[in-house]
Amino acid sequence: MHVNVSSRRKGLDVTAIQRQLKTRTFGIGKNLLYLPTVDSTNSFAMKLAWEQPEEGVVILTDSQTAGKGRLGRRWVDMYGCNVLSSTLLRPLFPPRFLIMIASLAIVDAVAETCEISATIKWPNDVLVGNRKVAGVLIETSHILRGTVDQGHAGQLVAILGIGVNVNGSIQDIPDGTSPMISQSLVRQSPGGQGSLSAIATTLETECGREVSREALITHMLQHIEADYLTLQHEAREPFFAANGCSPASHAIWERWRSQLTTLGRTIQVRQGDIVLSGVAEEVNENGELLLRLHSGELVTITWGDVGYPTG
Ligand code: BT5
């Protein structure tokens, strides 16, 4: 692939992305919306979905003023250094598969763009070594087309939000040590470190050179679209409706499972104020984590933050 490396703090080269993109619809032509700055690409995409819920629209920005993580947390960035994207989707399959598709797309795109092996920490983090380089946020809504009396069911819309720390260094992110971020880090991290640089990294830091955001976005969207369209196709088959899964979804689950660094490790799962400790034994095809508590009991975990205790 030949995409010019954009200088940090410069806006995205959207033309380069469109020239290189080999997708069928995702991000093609008017399906690519670029805003130099926005509150949150996910919030913007959700508002758009109410007016024009066509799938495949991709929102890109150079900086968010109110970037969102899960559970009301913040996602911070530095202007012109990150991939901040949201894709509007109308999945016919359960949205839990989107988290698998997105994490795998990030891992593959990172390998193709800068030859770094990233891994996945359940449920939604992409790591290089032990540090977070990307996060995924999926938000869903039922959008009515027509009226309920006309018999129109709500259409599920999912916004797939991805944030990747690409260039610059984490220490330079202005909000990285803000009380809000630090507070959530202290709560999340069993080690209790209070700064983002203790748990996060950028691709440039890891590979020692500036990385093309345009190339990364291009690779990522191609992977997301390929897996998404395969699942959409199979979701229309009676087999999927009867079983809630298909050969394709099983294959995606297997690929996702094979990239999870969480499995087999002693972990701590924080759910609000509750912390569960044990061994991450397995993930099921619903994407849930099966945790063997130290008491021997096996519990199914549907949400939370995983920490790897040190020492
Ligand atoms: C996530 O949440 O990891 C989901 C992040 C999704 C961000 C994208 S950017 C485009 C789209 N539009 C949005 O508004 N959001 C999406 P969570 O697992 O809850 O992680 C949030 C936590 O990660 C925060 O509480 C911080 O501790 C930490 N954090 C914040 N910014 C970070 C960054 N740039 N890199 C690594 N960690 C960060």
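Couple of notes before you dig in:
- Leading residue at positive end of dipole, the chain (Cβ point charges), from ALA66, GLN52, THR302: ALA66
- Point-charge dipole on Cβ atoms (K/R +1, D/E -1) for the chain, about Cα centre, debye to 20: 360 debye
- Probe 1.4 Å - accessible area at TRP50, Å² to nearest ten: 140 Å²
- Value of Rg to Rh for the chain, rounded to two decimals, is 0.96; Kirkwood radius and Rg both from alpha-carbon coordinates.
- Over 26 Å apart at the Cα level, from the set LYS47/LYS132; LYS22/LYS68; LYS68/LYS121; LYS10/LYS132; LYS68/LYS132; LYS47/LYS121, are LYS47/LYS132; LYS22/LYS68; LYS47/LYS121.
- Simple spin-label estimate for VAL275 and THR310 in nanometres, 7 Å along Cα-Cβ: 1.4 nm
- Here the scattering of region 212-274 is modelled by Debye summation over its C-alpha atoms, one equal scatterer each and no solvent; at q = 0.21, 0.27 Å⁻¹ the log10 of I(q)/I(0) is -0.90, -1.05.
- Amide H within-cut-off set for ILE138, under 5 Å, with H built and near neighbours excluded: GLY161
- Distant-in-sequence amide H partners of ARG74 (H built 1.01 Å from N, under 5 Å): GLY69
- Expected 222 nm ellipticity per residue - DSSP helices of 4 or more, -39500 (n - 2.57), all of the chain, to 500: -9500 deg cm²/dmol
- Extension gain for the segment ARG74 to ASN286, taken as residue separation times 0.36 nm less the Cα-Cα distance, is 73.7 nm to one decimal.
- Excluding ligands, DNA and RNA, the accessible surface per residue across the chain is 43 Å² with a 1.4 Å probe.
- C-alpha center-to-center spacing [region 269-303, region 45-108] in angstrom: 26 Å
- Interatomic Cα distance distribution for region 2-131, bins of 10 angstrom, percent: 11, 37, 43, 8, 0
- Rg/Rh for region 87-133, where both radii come from Cα atoms and Rh is the Kirkwood radius: 1.03
- Considering all C-alpha pairs of region 259-304, those separated by over 12 Å amount to 57%.
- Residues whose placed amide H lies under 5 Å from that of THR262, excluding near-sequence neighbours: TRP122
The values are calculated or read from the model by the stated rules, or taken from the named source; none is laboratory data. Note that this is a predicted model, so its numbers are computed, not measured. Positions of Cβ are generated from backbone atoms using ideal geometry, with glycine treated the same way; all protein chains shown enter the neighbour counts. For the accessible areas, the whole protein counts, side chains as well, though only heavy atoms, and no ligand, DNA or RNA atoms are used. Shrake-Rupley method; radii C 1.70, N 1.55, O 1.52, S 1.80 Å.
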